[in-house]
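Here's the structure we're looking at; comments come further down.
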Amino acid sequence: MQKLNLGCGTRVYKDYVNLDYHKHSGVDVVHDLNEFPWPFKENTFDEVLAVDIVEHLPDVTRSMKELYRICKNGAIIRIQVPHFSSATAHHEEHYHFFRWKSFGDGVKDLDKVLVFGKMFKLRKKKIHFFNAPYTPSLLHSVLFYNYFVEKLVNIWRLPLIYENTFLRSLFPAIAMYFELEVVKQ
């Protein structure tokens, strides 16, 4: 099983091909993700982990198409990005903001890609307030009420109510998590 850790930085995982722009200890492939094609053959990976990297890519549509190319049918892509209400989302090196509808309903918030739904199947999405799976935050852990806010907001329809009201300012989220399955026919 081939697994790719995309834009790993210093977060290097064993049993993954760790790719980053800079050569850190444990990085297997040094490559600028803005240069296409990426240095992998078609249908190489069964799993891709993209933690805090997609917001740094100017052309998300082209990057998603490249992920599609290098992944096998049925591959799982796990994407974690800062939620737009998070203070970390507003960084000078971030090109995009992400919300509940960023993936899975087409890439409407990014480039209106019509083929997106045919390329990927949305398996899971969640707004994290407490501890995001790949970047736990001590600050948010201390705010005990975030545990309850996370449980409430991720119930059907509440993410949209949360994002479109003053609640996003009162209880800023830390991350969005998307799990996509590659669909090739």
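Once you charge only the Cβ atoms, +1 for Lys and Arg and -1 for Asp and Glu, what is the size of the charge dipole of region 1-57 about its Cα centre, to the nearest 20 debye?
Values: 5 positive and 10 negative charges, 40 e Å.
Its charge dipole is roughly 200 debye.
Remark: for residue pairs Lys118/Lys151; Lys3/Lys125; Lys101/Lys121, the C-alpha separation exceeds 25 Å in Lys118/Lys151.
Readers should treat all values here as calculations from the given coordinates under stated rules, not as data from a laboratory. On a predicted model such as this, the values are computed, not experimentally measured, just so you know. Neighbour counts are summed over all protein chains in view; Cβ atoms, including those assigned to glycine, are modelled from backbone coordinates with ideal geometry.
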